[in-house]
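Some notes on the structure that comes next.
Every read-out reported here was derived from the displayed coordinates using simple, explicitly stated rules and does not represent laboratory data. Everything quoted here is computed from the prediction, not taken from an experiment. Please note: Cβ atoms are built from the backbone with ideal geometry, for glycine as well, and neighbour counts cover all protein chains shown.
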Amino acid sequence: MNTTSPKTLNRLAASFLVLTILAGFSGAASAQTIIYADGFSGSSATNLNGLAPDVRSGADGGSASATWAANSGWKADGSNNAASGSQKASLTFTPDLNKVYTLSLQLNPTAGTGLFMLGFSSDSSTTFSNGAAPYLTLSDEGTAQIFTSNNVLATGTNTFTGLALNQTAQVVLDTTGAAWTAAWFYNGTQLGSTFTYVTNPTSTGFVKFARSLDEVGTVDNFQLSAVPEPSTWALLAFSLTTVMVLRRRRHRGEH
């Protein structure tokens, strides 16, 4: 009967461990954590304020007990038909390092003289006029603008016209590097260029959407997600592989 030597078994075990780690790295590098999500399935007669989103995981800078802080114009079905006045809805959020955050919302402004807005924010005020954090705006005429901080338009092309309404807007905040970056997307297409911050927006404390002036319409499919930095998992795989190699060399030295 053929038998396998202890040395061969050790090598097989080491190889299996390395492959398992690398497989975990490959999966984790693309693993997405849903921090918040809301499909706004409530009633147009119910205020959004004080309600819990459908998902509130508490991971990666979110809060497991978060509820919407919203002006009375925003309803549980995602509509806003208030006659006038800026209206916001926000959730608490503090970005962690080494994450890529994607904030998504389907925007459908339908009438009025104002805008719908989506982004990260340093405060929970009714608009994005305070603090440094990326956001975008959309009018009912299909014009979007991208901002890096309070009323500061992104460098380069920052205004986009002729966009279809009721599509998904995304603001991406990347904290994986020494200098954080921001990028904006609409209906799957990047708007403008990726922006690199000189001073990182570390004061970010909320994610929110808002409307200005008398703009009415609806929002849907809110989501904040995070993807970890791949190098964290690569370092773990490298470290454990090194340990196994050293163990093999020591084993050979003892025999």
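Here are some notes:
- When Rg and the Kirkwood radius Rh are both evaluated on Cα atoms of the range 23-143, their ratio Rg/Rh stands at 0.99.
- Footprinting exposure proxy ranking of T126, T199, T110, fewest other C-beta atoms within 10 angstrom first, gives T199, T110, T126.
- The simple spin-label model puts a point 7 Å past each Cα toward its Cβ; for S203 and T67 those points are separated by 2.8 nm.
- P(r), alpha carbons of the range 32-229 - 5 Å bins starting at zero, rounded %: 1, 9, 18, 23, 22, 16, 8, 3, 0, 0
- Peptides 51-61, 157-167, 137-147 ordered by average Cβ neighbours within 10 Å, highest first: 137-147, 51-61, 157-167
- Cβ-derived FRET efficiency at R0 41 Å, A37 paired with S84, nearest 0.05: 0.85
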